[in-house]
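> Starting off with a structure, shown below.
Every number in this text was worked out from the coordinates using simple rules, so none of it is lab data. Since the model is a prediction, treat every value here as computed from it, not as a measurement. Note that we place each Cβ from the backbone using ideal geometry, even for glycine, and neighbour counts take in every protein chain shown.
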Amino acid sequence: MKKTHTKTILRMATVLVTISSIYLFAPWEFGLYYLKPIPKTIEQELTNAVNERLDGIIVYVAQKDKDPEFYAEGFHNRDEKTKAYPQALFKIASIAKLYDASAAVKLVTRGQLSLEQTLAFYLPDLSERIQYSDRITLRMLIQHRSGIPNFTDHEGFNWGESSLDMLDLVLDQPADFEPDSEYRYSNTNYYLLQKIMTRVLGYDYGRFIKEEMLAPLGIANTFMSVSEVDQGKLMSGYFVGYSDDFKHLDQGMVATAEDVGQFLRALNDGSLFTHEEAAIYKSLYEFQHDGWVLGYWSRARYYNDIDTVVIQFVNTTGEDTLILSQIVHNRIIDIIRETQ
């Protein structure tokens with residue numbers, strides 16, 4: 001009884017915080033959307049979301065000891081009028097940081113990396129061009145405590161180009177802060193982490209992720225680049241106000257919702273790791289993540305109270321669609337909880 005009462009209080013608190021945030025920061029129509037009666041099914045919620053302004057949406061739900069559920073609504077390709085389907089490939093953007101951090105942990109336990117070794121040690125060719133490189137450790141890179149500027153915040157960065165040299169945007173620039181003095185999210189950290197892993201391995205870090213982490217889990221529909229996949233299977237990506245399809249841009253990892261869900265389950269239940277690896281990872285990085293690149297928003301979440309993994313892909317960004325996508329996610333979780 002006490003446990004049920006506590007869960008009820010936590011849910012009420014979550015609702016109050018969410019509603020307050022929506023009314024303070026979100027457009028009024030999305031506040032109204034959040035307060036609409038929640039439908040009984042995820043299918044209906046996705047239909048409502050597409051009717052609002054999302055081009056397409058995919059949702060994967062995996063509750064412990066139950067068969068996973070797959071949902072899709074809207075367009076896979078808006079111009080061709082092809083319908084969204086759950087097995088489509090999608091750009092997962094910064095969700096990939098979970099994979100990168102996990103790979104780094106495995107290399108640490110194998111003695112190929114050290115969390116306390118410096119950036120200058122691993123990438124000496126860049127030591128004179130990144131401030132404090134002799135003080136920035138691998139741990140700081142992974143935990144976003146390096147102080148290295150985020151290349152996506154640079155005025156020269158353009159989300160619509162995938163041929164930019166990301167390092168050129170931050171080399172020889174002053175640090176945002178001294179190493180380990182504060183936290184600030186920086187995509188540059190993980191770009192450098194990838195370079196370090198590739199260098200110590202002697203081959204591309206993506207191969208390590210696929211062969212050493214994903215293959216043992218039976219995960220086979222995850223790729224490091226759009227260049228590796230059948231373009232017809234890759235869901236199109238759109239930005240409000242533009243007719244362009246941005247799926248051709250090479251912006252990192254591509255996967256199905258099921259693949260991401262299987263990985264997230266393994267990350268959270270520890271089956272991805274040995275006991276030693278699991279302990280290191282727990283002290284190092286997150287167990288869930290969102291992702292955003294032009295035309296693509298993704299969310300990977302594990303809800304401990306209902307022992308459920310939920311993956312959500314939305315192929316529309318721009319204006320306030322991010323807020324709408326987040327509201328839709330919260331409503332989906334409410335539906336799952338009500339049907340348990």
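> Could you give the angle, 0 to 90 degrees to the nearest 10, between helix 42-52's Cα long axis and the longest principal axis of the Cα atoms of the chain?
80
> Distance check, please: which entries in 91/247; 106/247; 106/210; 91/233; 106/195 exceed 20 angstrom between their Cα atoms? Please report the intermediate quantities before stating the final value.
Numbers: 91/247 8 Å; 106/247 32 Å; 106/210 13 Å; 91/233 12 Å; 106/195 16 Å.
Table pairs above 20 Å Cα-Cα are 106/247.
> I need two numbers for the chain: Rg to one decimal and Dmax as a whole number, Cα atoms only, in Å.
Just the Cα atoms of the chain yield Rg and Dmax of 20.5, 61 Å.
> Taking other Cβ within 10 Å of each residue's Cβ, how do 168, 290 sort, fewest first?
Values: 168 11, 290 18.
Lowest to highest Cβ neighbour count: 168, 290.
> Kindly express, to the nearest 10 degrees and within the range 0 to 90, the angle between helix 187-201's C-alpha long axis and the longest C-alpha principal axis of the chain.
On a 0 to 90 degree scale, this one is about 60.
> In degrees, nearest 10, range 0 to 90: what is the angle between the Cα axis of helix 257-269 and the longest Cα principal axis of the chain?
Once rounded, one gets 70 degrees.
> Here is a follow-up. With only Lys, Arg, Asp and Glu charged, each at its Cβ (+1 for the first two, -1 for the last two), find how big the charge dipole of segment 163-285 is about the Cα centre; round to the nearest 20 debye. Don't skip to the answer; put the middle values down first.
On the way: 9 positive and 20 negative charges, 63 e Å.
The calculation lands at about 300 debye.
> Also, quick follow-up: Which net charge results for the neighbourhood of residue 291, defined as the other residues with beta-carbon distances under 9 angstrom from its beta-carbon, given Lys and Arg at +1 and Asp and Glu at -1?
Details: positive: 91, 97, 299; negative: 290.
Combined, the nearby Lys, Arg, Asp and Glu give +2.
> Which of 169, 152, 229 sits farthest toward the positive end of the charge dipole of segment 136-249, with +1 on the Cβ of Lys and Arg and -1 on the Cβ of Asp and Glu?
229
> By a straight-distance test (C-alpha under 13 Å), which aspartates and glutamates pair with residue 36 as possible cross-link partners, with residues fewer than eight away in the same chain excluded?
The reachable aspartates and glutamates, counting only those whose Cα sits under 13 Å from residue 36, are 45, 52, 334.
> Taking the beta-carbon count within 10 Å as an exposure proxy, list 64, 195 from fewest neighbours to most. Before the final figure, lay out each step's value.
Numbers: 64 10, 195 15.
The most exposed by this proxy come first: 64, 195.
> So, in Å, what gap is there between the alpha-carbon centers of segment 205-240 and segment 66-90?
Using only Cα atoms, the two centres lie 16 Å from each other.
> Here's a follow-up. Once you have all Cα-Cα distances for segment 114-271, histogram them in 10 Å bins from zero and send the whole-percent values.
10, 31, 35, 22, 3
> A further question follows. With a 10 Å Cβ neighbour count serving as the proxy for reagent exposure, in which order, fewest first, do 105, 200 appear? All intermediate terms of the calculation are to be shown ahead of the outcome.
Numbers: 105 26, 200 14.
With the sparsest Cβ surroundings first, the list reads 200, 105.
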